[in-house]
1. Which distance in nm do the two modelled labels at THR135 and GLN9 give, with both placed 7 Å along the Cα-to-Cβ direction?
2. Roughly how many whole Å is it from the C-alpha centroid of the range 84-103 to that of the range 106-147?
3. Within the set of other residues whose C-beta is less than 13 Å from the C-beta of TYR94, count the net charge using Lys and Arg as +1 and Asp and Glu as -1.
4. Counting helices only, and only those DSSP H runs with n ≥ 4, report the 222 nm mean residue ellipticity of the chain as the sum of -39,500 (n - 2.57) divided by its residues, in deg cm²/dmol to the nearest 500.
5. Based only on other Cβ atoms within 10 Å, what is the fewest-to-most ordering of ASP116, ASP125?
6. Taking only pairs that are 8 or more places apart or on different chains, how many Lys pairs in the chain have Cα atoms under 29 angstrom apart?
7. Can you tell me, using C-alpha contacts under 8 Å and at least 6 residues apart, the relative contact order of the chain as a whole percent?
8. Rounded, prolate or oblate, given the Cα gyration tensor of the range 2-77, with a/c below 1.5 counting as rounded?
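Derivation of every value follows stated rules applied to the coordinates shown; laboratory data play no part. Remember, it's a predicted structure, so these values are computed and weren't measured experimentally. Cβ atoms come from the backbone with ideal geometry, glycine included; neighbour counts cover every protein chain shown.
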Amino acid sequence: MIEFASGLQWWHWWIAAAVLGVVEAMAPGAVAIWFAAAAAVVGTLLLVIPMPWQLQLVLFGGLSVAALALWRTWKRTHPETSELPQLNQRAAQYIGKVCVLSEPIVQGYGKAKVGDGHWKVRGPDLPTGTPVRVTSVEGALLIVEVA
């Protein structure tokens, strides 16, 4: 390792940055990209300032940790927002909607027509045709009350 590390040059760091960039593209998680950025910075600094390999490795480690810490701090203060926060939670999209029972609720369970499908519902016993409002969701089960 020491023989290899003693010969580190700027282009080695740029290759490492490119490889880490590909790793991030293949398995995105916003981690490898910060190591790639640190490697690119070390490689760029080596073009200007000659450094021993020990300093290069310490600089790479320090820049990587700093970049990750800054990213996590930024993400905590700037949470992601979406116009459709329940896009992949189909049942949760129905909370607050009024639908009509297609089967009566008997002993707490029945079915309601929601959109173009029929969903299993839980709520007070009610006859077919009663309008109900979805109040919450448990998996694929809609919890309803009289609208």
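1. In this crude label model, THR135 to GLN9 measures out at 7.2 nm.
2. 11 Å
3. Details: positive: ARG90, LYS97, LYS113, LYS120, ARG133; negative: ASP116, GLU138.
That works out to +3.
4. Values: 4 runs with 64 residues, N = 147.
Taking each H run of at least 4 residues, the total per residue is -14500 deg cm²/dmol.
5. Numbers: ASP116 5, ASP125 11.
Ranked by crowding around the Cβ, least crowded first: ASP116, ASP125.
6. Working: LYS97/LYS111; LYS97/LYS113; LYS97/LYS120; LYS111/LYS120.
Taking the Cα cut-off of 29 Å, the pair count is 4.
7. Values: 210 pairs, mean separation 21.9, N = 147.
Computed value for the chain: 15 percent relative contact order.
8. Details: a/c = 2.46, a/b = 1.64, b/c = 1.50.
Because a/c hits 1.5 or more and a/b exceeds b/c, the range 2-77 counts as prolate.
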